[in-house]
Amino acid sequence: MGFFQSRICKGRGSLHRLPICLPLLCLFPVNIAWAAPVIYNQPFSAKAGDIVNLLGSGFGTAPKIIFKPAHRPAAIPVRIIRADENLIAFEVPKSQPFDIYAISVSDGKTTSVPVSINTPCATHFDTPEIGSKNRFRIFGHNLHVPAAAPTVAFIDPKTNASLSAIVDVAASDAYSLAVVAPENIVPGASYRLVVSNGLASSPVEKTLLGRPPAGEDHFKLGVPWGADFIYWDGPAYQAGATRNSQADHHLFDVTSDPALKRHALGDGIADDRPAIQAAIDLAAAHGGVVYLPAGRYRLASLTNTNGLTLKSNVVLQGHSASDTTILYGPSEPQAAGYSFKGIEWPANTKNSGIADLSLQNIDNTSQKVSNAVAKSPSQNLFIARVNWDLGSGIFILMQGVDKLVVTDSTFRQSANSQFPNIDFRGNSGVGPIYLWNVSNAIFRNNKISWASGQNSFKDVDSAVIEGNHFTRNASDQIVAGSENLSWAQGDQKIAVGDVIQRSEGRQLSLNFAKNVAVQNNVFDVSDGVLKHNWYDGETLLSEGGGASHKHDVGTATAAGDLTITDDSKCAGACTWGYSANSMIAIVSGKGWGQWRRIVAQSGNSFTVDRSWDVVPEAGDHFSIFEPSYENVLIRNNLMQDNPAGILLYHAAFLNVSIIANTLMDNGGIFLRGDQRKGSIGAMRNIEIIGNTLKNTKGQFPSYIVAEFALIAPNAIWGTNIDSVVVRNNTLFARPGTPTYLFPEGYMSVVQYQAGGAGFSPDSAAPAIAGMVFQGNNCNKCPVAYTLSTGDSGTIIWGAIAGDAASAPRQFLLDKKIANTAKEASVGTVVGGD
């Protein structure tokens, strides 16, 4: 046969037991009753020499691993690094070729159902629809592996016949496949796909909708629906003819079209808004392009009005961004209450966009100018080859858009004082781009520069953010006065007379993102050094919506095969922090380590999507959450001169790959879970592999850290972080660099922040479980690795020491949490070959 047929790809703690690849939880079709052991979670991938940590239950005191490569006739022995009742770590034999590995755990009496590693797992596409011979991408894990050829098959929904697609192997890798769809795609058909990496195959949970054969992508959007726009007059219309069919009239020159009663002048002085809007309204009748020849088109910007309101099936296109400009915004200060909107896509707009022109908000005094708003719901919107100067106005807001493309455009924004912060007087300002509740989005090859605030992408499902250049301007600074001293956070200090940033900000805030790739971008800083305060300055931040978290906690009072109940939380039916996308994790107790999707709620009881492997007991703690990241790939990005790097902060994160990024004088990578009243975070399946962090200037330290902040109560209430792999990273420290968030090095620590209350040693579970540090380099670090109380089962393996000049001053610091005599980390193994 040539390859192993897998039943399920590795997902969010998934076991390979379903006849369908669901990148979610440990899903399987029936409840398999066994006493012990059971594997709850394993990594997606492993190769020869890798350390693998399995998490589960009932492993016993001396468990064994049954390791069976798919193309070997029998299981082969493996080296067990450490083991306990819930965690077992082993090394993949160095002589073992890359293969599909079936793995079971035996306690000497019974053996677990096997799980598999290295099976292909496709999580999402870069388009929801496809036509014959359209090019698209598939994202996931183990898609293109060594010494094997990937294939993709479309399954016909009526005949169940298999149609072979073409895989561009040169443009593919383990995390993505570049694919050309087969011929004879049937419009309207919903195709299931089966992906093989040459060793195993798995079906994809999502489907692709067939569409008509590819037409011309006139506006060069690079998506199948780019062929859906009308951009030229039909044969029944000829300009100047006495008898014409207006239904075939689709190209409207705003300066000369005979069908228009009023023409735009394009002289930068006259109000061209009525003429352009009339052209848009006329074009909307049958679809088409409103064309602006080279010129400067002024829009009168009266209060409480729109500049231009775009319509379905209409594209606003200029001659080019270099010679066609739309000007808007007030030329002088306005009265209180002034507001103006430059561009609006009303709700229910479809097939509309802006191309090949410049837009400029001429106001730089922070008047309430909303540069653009797309209202929910909308579909098939784009911005292409646009040069947009937002002035000091409010961001471009694209809300509730399904199928969005923003490509090959430039966005600039001045320092601004929009949306003042009432808690910190003088702090204000917003960034240029805000995408909210968007799906099937492409944000590609854009240049974005700004000085205040941040770019914000929130509630994003299926998106690719790639090839962009984000530049934060450091010039929005003030000289601190006494009123600014409270802007310092943690161990920071601000003195009167210090130069600091006036506006809290960062490069990109990405929250509640599912099936997203952030790749091949540049994030840098211009015009000076960011003088940080508030512990901001992150390059890529996800914190579960900031103050709008979607999580809760509970203590089980009862549980059934598919349910869990907490009647102790309040009298009667409680109000829960629960959403339609919520999941649940048992974070301590008998059911510890199990994650599920919640499918229903009734009062204080929750129903999960499949049976518990081990039914939780009364007293077990659980966390409810909507992941801030789920199936997110962050790779091949260059991050430079920002105070902090990649932060996964105070939320839930699942299946996150941080791969081959370069952080140059750019802080570090920080996984921060915490425990406070009403919430405890959850992180699982985070891989941090092949990143390079260099501190050459001594401004911002380099580090890779997993931290659990214990805020309340004063004991570890449950496990927050598990199954994190930190492998083959290189960190270059610079002695004497001031601490910002952390000192330099690798860490897995509990940060005790419970005030004066003494730490309780009787914790129900570890805070951090099953960390693997392997093959990492720490050049000139003061301490290479720091662990603490609350860590369990950490493996430090094959650390690269370097020469005497570059070796860390101290290899390992294993410390106790404050106010306790409890031991430091438990079950830590340091070793190598």
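Pairs of lysines in segment 38-117 whose Cα atoms sit within less than 18 Å of one another amount to 4, provided the residues are eight or more positions apart or on different chains. When restricted to Cα atoms, segment 38-117 yields an Rg and a Dmax of 11.4, 31 Å, respectively. Here the chain is assigned +1 on the Cβ of each Lys and Arg and -1 on the Cβ of each Asp and Glu. Its dipole about the Cα centre then comes out at about 880 debye.
For segment 551-625, the dipole from Cβ point charges (+1 on Lys and Arg, -1 on Asp and Glu) about the Cα centre works out to 140 debye, to the nearest 20. Put simply, when 262-275, 98-111, 217-230 are sorted by average Cβ atoms within 10 angstrom per residue, most first, you get 217-230, 98-111, 262-275. Full extension of the chain between Phe811 and Thr575 yields a length gain of 80.2 nm, computed as 0.36 nm times the residue separation minus the alpha carbon distance. Full extension of the segment from Gln246 to Glu332, taken as 0.36 nm per residue of separation minus the current Cα-Cα distance, would add 26.8 nm.
Dipole check for segment 39-128: with +1 at the C-beta of Lys and Arg, -1 at the C-beta of Asp and Glu, and the Cα centre as origin, the magnitude is about 320 Debye. With respect to the chain, whose longest principal axis is taken over its alpha-carbon atoms, helix 273-283 is tilted by about 80°. Surface composition of the chain: carbon plus sulfur atoms contribute 53% of the solvent-accessible area (1.4 Å probe, protein chains only, all chains present). With the Cα gyration tensor of segment 121-210 giving a ≥ b ≥ c as the square roots of its eigenvalues, does the rule (a/c under 1.5 for rounded; else a/b larger than b/c for prolate; else oblate) give rounded, prolate or oblate? Here segment 121-210 falls in the prolate category.
Hey, how many Å between the Cα centroid of segment 709-728 and the Cα centroid of segment 391-413? Distance between centres, Cα-based: 37 Å. By DSSP, the beta bridges lying fully in the chain are antiparallel in about 30 percent of cases. For segment 459-601, the square roots a ≥ b ≥ c of the C-alpha gyration tensor eigenvalues yield an a/c of 1.5 or more together with a/b not exceeding b/c, which makes the shape oblate.
Legend: calculated FRET efficiency, Gln753 to Ala62, from the Cβ-Cβ distance at R0 = 41 Å, rounded to 0.05, equals 0.60.
Computed with a 1.4 Å probe over protein heavy atoms only, the accessible surface of the chain comes to 35 Å² per residue. Peptides 173-179, 562-568, 572-578, 501-507 ordered by packing proxy, namely the average of other Cβ atoms within 10 Å per residue, highest first: 501-507, 173-179, 562-568, 572-578. Ordered from longest to shortest, the equivalent ellipsoid semi-axes for segment 381-516 are 31, 16, 12 Å, each the square root of 5 times a Cα gyration tensor eigenvalue. Legend: calculated FRET efficiency, Gln601 to Gln489, from the Cβ-Cβ distance at R0 = 35 Å, rounded to 0.05, equals 0.45.
Kindly identify segment 371-427 as rounded, prolate or oblate by the Cα gyration tensor criterion: order the square roots of the eigenvalues as a ≥ b ≥ c, call it rounded if a/c is under 1.5, otherwise compare a/b with b/c, prolate if a/b is larger, else oblate. Here segment 371-427 falls in the oblate category. Pairs with C-alpha atoms separated by more than 18 Å, drawn from the list Lys350/Lys375; Lys514/Lys677; Lys677/Lys815, are Lys514/Lys677; Lys677/Lys815.
Once Lys and Arg get +1 and Asp and Glu get -1 on their Cβ, which of Trp345, Ala321, Tyr297 lies farthest toward the positive end of the dipole of segment 292-369? Farthest towards the positive end: Trp345.
Residue pairs exceeding 18 angstrom between C-alpha atoms, taken from Lys133/Lys158; Lys220/Lys403; Lys447/Lys694: Lys133/Lys158; Lys447/Lys694. Most simply put, segment 188-315 has about 40% antiparallel DSSP beta bridges, counting only bridges with both residues inside it.
Within segment 268-366, antiparallel bridges make up roughly 0 percent of the DSSP beta bridges whose residues both belong there. Model label points for Thr305 and Lys206, set 7 angstrom from Cα along the Cα-to-Cβ axis, are 4.2 nm apart. Return the aspartates and glutamates within reach of Lys550: Cα separation strictly under 16 angstrom, same-chain partners fewer than 8 residues apart disregarded; answer none if there are no such residues. Partners within reach: Asp459, Glu626, Glu630, Asp674. Residue ranges 467-473, 787-793 sort as 787-793, 467-473 when ordered by packing (mean number of other C-beta atoms within 10 Å per residue, highest first).
Length available on full extension from Ala75 to Val529: 0.36 nm per residue minus the Cα-Cα distance, which gives 157.7 nm.
Comparing Thr555, Trp534, Val522 along the charge dipole axis of segment 514-587, the residue lying farthest to the positive side is Thr555, per the Cβ-charge model.
The values are calculated or read from the model by the stated rules, or taken from the named source; none is laboratory data. Since the model is a prediction, treat every value here as computed from it, not as a measurement. Ideal geometry is used to build each Cβ from the backbone, glycine not excepted, and the neighbour counts take in all protein chains shown. Ligands, DNA and RNA are excluded from the accessible area calculation, which covers all protein heavy atoms including side chains. Shrake-Rupley method; radii C 1.70, N 1.55, O 1.52, S 1.80 Å.
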